[in-house]
Amino acid sequence: MNKIISAAAGAFLLVSTPVFAQSWPSQTVTIIVPYAPGGIADIAARTVAEAMSSEWGQEVIVDNRTGGAGFVAATAVAMSEPDGHTLFVADMGVNVINPYLFDDIPYNPAEDFRPITMISDTPLVLAAYKDAPFNTTEEYVAYALANPGEVSFGSAGIGSLNHIVPEWINYEMGIDAVHIPYRGGAPAATAVASGEVEIGVLALSSVGPFVDSGDIKILGVAREGRVASHPDLPTLIEGGVPNVAAGQWAGLFAPSGVSDEIANKIQADVVAFLNSDAANETFSARGAIVSPMESADFAALLDALRERFSVIIEAAEITPE
């Protein structure tokens, strides 16, 4: 009899785990985004939401909660029930930069969120005004070293990725280039195109029209490897600037208390979609690269970026004021 009971119990355990996993989602899934509609994170969230609504058999909606440098959205996710029905699509600013930029923030990205997968990545490039006296990364570094304080770079604002990456280049190469903040990426790109500033680290997708018009030249791409759509563009690393590789990515997260079963299902389903031709076409049309990752690899990347950016922000004495 005991053997029969044990066998029955074992059989129950075998079927109970997949049944538990299959019971999710049992209601609408909300993906919170810390920015207004139309940006990189929002596009990534809506693309995933549309695909997963069909896959999961439940409505998946996007909730844009703007304000407070992402604090409002991040706090809402951190305080939500960790049952997988609230997810988070965010970027480098919210998940890497904020803790080192602000003295006090109401969430801890390393502890409050569980990384699921990177969704997409928009490459950043070192771009220069057409008449700048350098045409390659090597030439830029040599010129900036020979003319300290005379080269200016534009950014999308203080503490933005477009600000920190040039400071990273400064840090690695001992360059003294002057930061000029603008109110967004588009004004910064326009400033480079007009010669108001000599350089900027800008999204590859946003500089295309200026490259086509001949107003901007691209010196290098801030990635570990070349971009498939622009194979002739060397990386900054190839140009002699070590370590500098960071893009405007959008990643998927869940509250940290979510179960392994639910987190693994979300990861598997989203990555399966991201590996599809439909996903590649959708993101490519927006100038982004589909970048699915294993959760552990994504978490390791975040740890490495936090370590690196904490050093850069402190060395450059970047503050939000």
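Before moving on, here are some points about what is shown:
- Residue in region 243-257 that is nearest to the chain's Cα centre (by Cα), counting only those that are farther than 16 Å from residue 95 by Cβ and in contact (Cβ under 8 Å) with a residue 60 or more places away in the chain: 244
- Failed item in (1) of a type in the set (Gly, Ala, Ser); (2) surrounded by fewer than 17 Cβ atoms within 10 Å (Cβ to Cβ); (3) at pLDDT 95 or above, with residue 228 passing the rest: (3)
- Residue pairs whose Cβ atoms lie under 7 Å apart, separated by 6 or more positions or on different chains, with the first residue in region 294-312 and among the basic types (Lys, Arg) and the second buried (at least 16 other Cβ atoms within 10 Å of the Cβ), are 306/96.
- Filtering 198, 224 for residues that are charged (D, E, K, R) and closer than 17 Å to residue 118 by Cα leaves a single hit, 224.
- Single unsatisfied condition, residue 82 versus (1) under 20 Å from residue 281 (Cα atoms); (2) surrounded by 17 or more Cβ atoms within 10 Å (Cβ to Cβ): (1)
Conditions tested, residue by residue: (1) touching a residue at least 40 places away in the same chain (Cβ under 8 Å); (2) assigned by TED's automatic domain parsing to the domain that holds residue 94; (3) in contact with a strand residue (DSSP E or B) (Cβ under 9 Å, 6 or more places away or on another chain).
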site: 157; (1), (2), (3): no, no, yes
site: 161; (1), (2), (3): yes, no, yes
site: 172; (1), (2), (3): yes, no, no
site: 201; (1), (2), (3): yes, no, yes
site: 227; (1), (2), (3): yes, no, yes
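- Tally of residues being among the hydrophobic types (A, V, I, L, M, F, W, C) and under 29 Å from residue 100 (Cα atoms) across region 247-306: 19
- Every residue from region 312-321 that is surrounded by 13 or more Cβ atoms within 10 Å (Cβ to Cβ) and either within 19 Å of the chain's Cα centre (by Cα) or part of a helix (DSSP H, G or I) (or both): 312, 313
- Hits in region 186-202 - residues which are surrounded by 23 or more Cβ atoms within 10 Å (Cβ to Cβ) and under 17 Å from residue 161 (Cα atoms): 188, 189, 192, 199, 200, 201, 202
- Listing of strands (runs of 3 or more DSSP E) fully contained in region 26-117 that carry 1 or more residues being at pLDDT 95 or above, more than 21 Å from residue 288 (Cβ to Cβ) and among the charged types (D, E, K, R): 60-64
- Residues of region 279-299 satisfying the condition of being more than 13 Å from the chain's Cα centre (by Cα), assigned to a helix (DSSP H, G or I) and buried (at least 16 other Cβ atoms within 10 Å of the Cβ): 279, 282, 283, 295
- Scope region 97-150; condition over 29 Å from residue 279 (Cα atoms), assigned by TED's automatic domain parsing to the domain that holds residue 284 and not charged (D, E, K, R); matching residues: 98, 99, 100, 101, 102, 105, 106, 107, 108
- So residue 254, is it among the small types (Gly, Ala, Ser) and either outside the structural domain of residue 93 (by TED's automatic domain parsing) or exposed (fewer than 15 other Cβ atoms within 10 Å of the Cβ) (or both): no
- Residues located in region 203-225, provided they are of a type in the set (A, V, I, L, M, F, W, C) and either closer than 21 Å to residue 168 by Cα or crowded, with 19+ Cβ neighbours inside 10 Å (or both): 203, 204, 207, 210, 216, 218, 219, 221, 222
The values are calculated or read from the model by the stated rules, or taken from the named source; none is laboratory data. All of these numbers come straight from a predicted model, not from anything done at the bench. All Cβ positions, even for glycine, are placed from backbone atoms using ideal geometry, and neighbour counts span all protein chains on display.
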